[in-house]
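See below for the structure under consideration.
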Amino acid sequence: MPNFSPPAHPTNTKHKPRCFWTTTPTARPRRHKHTSISNQQETMTASVSKLNQWLYSGLLFATILIYRMMNVLILDTQFDPDEYWQTLEPAYCLAFSTEHNCAFTWEWTRRMETRGGSKPYLGWIEEALQGPVRSFVPILPTYFLYKILKMAHFDTTWMIAKAPLLLNAVIVAAPIDFAVFHISKFAFGRKTETRQGLFHKVENWALLASITNWFNGYALVRTYSNSMETSLLAIGMAILCPELFGSFQDTAEFKVRLIARIAFLLGGVSVVIRFTALAAWVPMGLIICARRKSLRSSFYYLWHLCILPGLAGVIFGCIVDRIFYGFWAIPFLGSFHFNVLLGM
């Protein structure tokens, strides 16, 4: 019978042509999907963690605010005449000047005495030194509050008496308590961040000490001019925590955060309120500059972070006093002259 078996394959494959689909592909690095997925998960986790921190901070501030408002409602005493003469009386006189007769105290009406011809005249510096000792900057919130109450025909006796204290709970007392919490967390919280539990956090104990302090509860919501100064200092220091307590890797050598500039702007405003605020802001600025890596970076921060924003805050305060006084008064110089040079 004929043999129909297929022919044997040739043993010599030396000259056998190779098809393009049989060629060995070049080795290429493979992109692992697990790496990209893990990076996305880390980004999402960081975003969620940051959102949770913001929500926690907002809830905490709201709780402190409610506490300080309750503090105002149960406060029904007088502590010192300055809580009226430094804020309430001048704000009331400005807002209701056409309806009631008001008189400002000597701190607002102090002017340079008439001079004889024998003594040298030093110009605007002498006028400022012997001029008013109180700035209109800290009474602006109360003044605008009174104007709103007047326009809304809601200027009842209770609102005139209590509304400024409630306003101080919002812009003075609650921010100070929250700033104490934030500063403590940034300065000491890294040492205890691995500990679990409510009572193992330094910032929680600091907040508890602030809100349970009897003098804070008695005087912090009152309408003193230095209450606003204290609030500006606490807020500014809380903003500057990365520069004061952070590592050198947290901030660039020649890049100043905008919000840090705002902090020293608030510092300039607080100096306008009382010149003694320099005792806090000057050392704080020097510490920040001294923590820089190079001398050039220190001078850069000194000029761009401390001097320029602080000077802008002082100019803003002087413009406010120019509008309300009607002339260029520099009350912090008048306060320096009266309290330091005259020793009164």
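For region 203-226, taking the residues that are at pLDDT 90 or above and of a type in the set (S, T, N, Q), the one that is nearest to Tyr84 (Cα to Cα) is identified as Thr223. When Ala62, Ala91 are checked against the criterion of being surrounded by 15 or more Cβ atoms within 10 Å (Cβ to Cβ) and aliphatic (A, V, I, L, M), a single residue qualifies: Ala91. Taken over region 286-311, the criterion of being hydroxyl-bearing (Ser, Thr, Tyr) and assigned to a helix (DSSP H, G or I) is satisfied by Ser297, Ser298, Tyr300, Tyr301. Among the residues of region 218-237, those identified as closer than 19 Å to Pro283 by Cα and in contact (Cβ under 8 Å) with a residue 60 or more places away in the chain are Glu229, Ser231, Ile235.
Quick check, is His337 of a type outside the set (Ser, Thr, Tyr) and closer than 25 Å to Trp108 by Cβ? It is true that His337 is of a type outside the set (Ser, Thr, Tyr) and closer than 25 Å to Trp108 by Cβ.
Which residues, taken from region 159-185, are among the small types (Gly, Ala, Ser) and more than 14 Å from Leu75 (Cβ to Cβ)? Explain how you work it out, then say what you get.
Start the filter on region 159-185 by keeping residues that are among the small types (Gly, Ala, Ser), which leaves 161, 163, 169, 173-174, 179, 184.
Result: Ala174, Ala179, Ser184.
Can you tell me which residue is surrounded by the most Cβ atoms within 10 Å (Cβ to Cβ) among those in region 300-310 that are among the aromatic types (Phe, Trp, Tyr) and in contact (Cβ under 8 Å) with a residue 40 or more places away in the chain? Steps first, answer last, please.
Our first condition is that a residue be among the aromatic types (Phe, Trp, Tyr); within region 300-310, this holds for 300-301, 303.
Filter again for in contact (Cβ under 8 Å) with a residue 40 or more places away in the chain, leaving 300-301.
On the way: Tyr300: 17, Tyr301: 24.
Looking at residues that are among the aromatic types (Phe, Trp, Tyr) and in contact (Cβ under 8 Å) with a residue 40 or more places away in the chain, I get Tyr301.
Suppose we filter Ala238, Ala280 for residues that are touching a His at 6+ places or on another chain (Cβ under 7 Å) and either among the aromatic types (Phe, Trp, Tyr) or at pLDDT 90 or above (or both); which single one remains? Steps first, please.
Details: Ala280 fails: touching a His at 6+ places or on another chain (Cβ under 7 Å).
Result: Ala238 is the single residue among Ala238, Ala280 that is touching a His at 6+ places or on another chain (Cβ under 7 Å) and either among the aromatic types (Phe, Trp, Tyr) or at pLDDT 90 or above (or both).
Only residues that are within 15 Å of Leu244 (Cβ to Cβ), out of contact with any Lys or Arg (no Cβ under 6 Å at 6 or more places or on another chain) and not aliphatic (A, V, I, L, M) were counted in region 262-300, giving 8.
In region 280-299, the residues that are more than 14 Å from Val256 (Cα to Cα) never reach a residue that is exposed (fewer than 12 other Cβ atoms within 10 Å of the Cβ) and modelled with pLDDT of 90 or more with C-beta atoms less than 9 angstrom apart, at least six apart or across chains. Set side by side, the residues Val282, Val340, Val314, Val320 differ, and just one is farther than 21 Å from Met237 by Cβ, under 23 Å from the mean Cα position of the chain (by Cα) and not in a loop (DSSP other than H, G, I, E, B), which is Val320. Across region 282-302, not a single residue is classified as of a type in the set (Gly, Ala, Ser) and over 19 Å from Glu253 (Cβ atoms). Checked against (1) under 24 Å from Val272 (Cα atoms); (2) surrounded by fewer than 22 Cβ atoms within 10 Å (Cβ to Cβ); (3) of a type outside the set (Asp, Glu), Ser135 passes all but condition (2).
The values are calculated or read from the model by the stated rules, or taken from the named source; none is laboratory data. Note that this is a predicted model, so its numbers are computed, not measured. Every residue, glycine as well, gets a Cβ built from its backbone with ideal geometry; the counts of neighbours run over all protein chains shown.
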